[in-house]
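The values are calculated or read from the model by the stated rules, or taken from the named source; none is laboratory data. Being a predicted model, the structure only gives us computed values, none of them experimental. Don't worry about glycine lacking a Cβ; one is built from the backbone with ideal geometry, like all the others, and counts go over all protein chains shown. These area figures cover heavy atoms from the full protein model, side chains too; ligands, DNA and RNA do not enter into them. Shrake-Rupley method; radii C 1.70, N 1.55, O 1.52, S 1.80 Å.
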Amino acid sequence: MIALLIAGGFSLLYSLLLTPLFVRGFNRLRWGQPIRVDGPKEHEVKRGTPTMGGLIFLSGSVIAYFVGKLVMGEQPSPSALLVILMAVGAGLVGFIDDFMKTRQQASAGLGGWAKIVGQVVIAVSFALLGIQFANAAGITPVSTHISVFRDLPFDFMTFGPIIGIGLVVIWVMVIVTATTNAVNVTDGLDGLAAGAAIFAFGAYLVIGFWQAAQSCVSTASEAGCYEVRDPMDLAVIAAAFLGGVGGFLWWNTNPAHVFMGDTGSMGIGGAIAALAILSRTEVLLILIGGLFIIETGSVIVQRLYFKVTHGKRIFLMSPIHHHFELKGWAEVTVVVRFWIIAALFVIAGVGAFYGEWLLQQP
């Protein structure tokens with residue numbers, strides 16, 4: 001519990017206090033954000049705003065986790081290290097994309113398929129490492145089951161070890177690529193993705209803390225207990241990301257002093273995907289990441305409708321946050337209302353998680 005508070009507090013202060021120093025460095029390196037030519041005209045004033053701000057909260061969150069563990073004299077857990085691997089790995093893919101954009105001063109950086117390949121490499125590494133490192137109870141960080149609130153009876157390993165591991169890897173790949181790209185799509189307005197991510201990290205903090213309190217290893221009652229590897233450490237790393245992104249949001253709200261870039265959005269997506277998988281609540285991510293799904297869905301629907309109708313559009317522009325901008329909503333209005341939607345989805349997700357536990361009680 002104390003490690004959780006230290007990690008969250010340290011990362012919050014790190015982002016709050018050091019962001020201005022990072023911004024100066026980004027300006028010296030000329031890491032300015034290029035703007036989409038087909039985007040809302042009001043966004044032209046943002047051209048040149050420092051980007052790659054994801055480096056701030058990614059570094060702060062990782063350092064904060066290790067500080068929390070060091071102060072408490074505890075060893076880092078495999079589960080938390082896997083979250084860090086996923087977040088940093090996905091963030092690295094985004095950094096390459098951002099770096100190419102700033103060097104070319106164009107909104108197109110790393111190609112779409114190149115991003116997917118990078119995300120797949122990270123996801124495969126995460127999955128293969130995750131089915132190792134079993135604890136004394138034989139629980140590995142990554143489950144071979146599909147999970148909603150906990151593992152469902154179906155086990156991929158019923159098809160044999162080779163096919164089973166292959167299916168686990170594919171399942172992880174789908175979750176990781178979907179989540180990282182969904183957060184990336186959402187990051188289009190000042191503070192939108194950061195604010196929504198804070199709610200998601202808060203959800204996984206609560207879920208990890210509750211799973212630790214109701215762990216099958218630590219609780220006397222087996223009714224509704226959770227078989228999760230290192231649930232408290234998942235709460236600690238979630239707190240670190242919550243604090244880091246929270247401090248960053250102070251500087252990222254409209255008008256943003258710095259953008260997170262693909263470095264940040266993909267790093268956040270990787271961290272959320274990892275937390276969902278390792279807490280064995282990956283299907284519940286549909287609710288916890290509800291806003292991200294709506295944003296991505298709007299892009300998919302727009303493109304499909306455009307192709308089917310040979311040029312017609314449902315939205316004035318996708319992702320959907322730009323649609324409301326073009327309808328005349330102020331950027332701050334869109335962001336705050338979308339934050340409310342994100343919060344409601346998270347409340348529904350955490351409520352469903354707790355409700356399922358109540359149903360397990362005698």
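Assorted remarks:
- Checked against the criterion of being part of a helix (DSSP H, G or I), aliphatic (A, V, I, L, M) and buried (at least 19 other Cβ atoms within 10 Å of the Cβ), the candidates A194, A178 yield just one match: A194.
- Some residue of segment 70-77 being open to solvent by less than 40 Å² (accessible area, probe 1.4 Å) and modelled with pLDDT of 95 or more: yes
- Failed criterion for L81 (all others in (1) under 21 Å from Y204 (Cβ atoms); (2) modelled with pLDDT of 95 or more; (3) open to solvent by less than 70 Å² (accessible area, probe 1.4 Å) hold): (3)
- Against the conditions (1) buried (at least 22 other Cβ atoms within 10 Å of the Cβ); (2) of a type in the set (G, A, S); (3) over 30 Å from V206 (Cβ atoms), G160 satisfies every one except (1).
- When residues of segment 197-247 are limited to those that are aliphatic (A, V, I, L, M) and not in a helix (DSSP H, G or I), the one farthest from L285 (Cα to Cα): A220
- Residue that is on the phi > 0 side of the Ramachandran plot and either in contact with a Phe, Trp or Tyr (Cβ under 8 Å, 6 or more places away or on another chain) or not hydrophobic (A, V, I, L, M, F, W, C) (or both), where the choices are G138, G130: G138
- Of the residues making up segment 37-52, none is modelled with pLDDT of 85 or more, open to solvent by 40 Å² or more (accessible area, probe 1.4 Å), more than 30 Å from G202 (Cβ to Cβ) and not small (G, A, S).
- Unique residue being surrounded by fewer than 20 Cβ atoms within 10 Å (Cβ to Cβ), free of Cβ contacts under 8 Å to residues at least 40 places away in the same chain and not in a helix (DSSP H, G or I) when the list is R303, R313: R313
- All conditions but one from (1) buried (at least 21 other Cβ atoms within 10 Å of the Cβ); (2) within 30 Å of I139 (Cα to Cα); (3) among the hydrophobic types (A, V, I, L, M, F, W, C) apply to L287; the one that does not is (1).
- Residues in segment 1-28 that are open to solvent by less than 20 Å² (accessible area, probe 1.4 Å) and either modelled with pLDDT under 70 or among the polar types (S, T, N, Q) (or both): S11, S15, T19.
- Hits in segment 283-297 - residues which are within 12 Å of the chain's Cα centre (by Cα) and part of a loop (DSSP other than H, G, I, E, B): G289
- Taking the numbered list (1) at pLDDT 85 or above; (2) of a type outside the set (K, R); (3) in contact with a strand residue (DSSP E or B) (Cβ under 6 Å, 6 or more places away or on another chain) in turn, W31 passes all entries but (1).
- Qualifying residues in segment 316-342 (those that are in contact (Cβ under 8 Å) with a residue 24 or more places away in the chain and surrounded by fewer than 18 Cβ atoms within 10 Å (Cβ to Cβ)) - the one nearest to S279 (Cα to Cα): I341
- In this entry, A271 passes the filter for residues that are under 22 Å from W210 (Cβ atoms), surrounded by 21 or more Cβ atoms within 10 Å (Cβ to Cβ) and among the small types (G, A, S).
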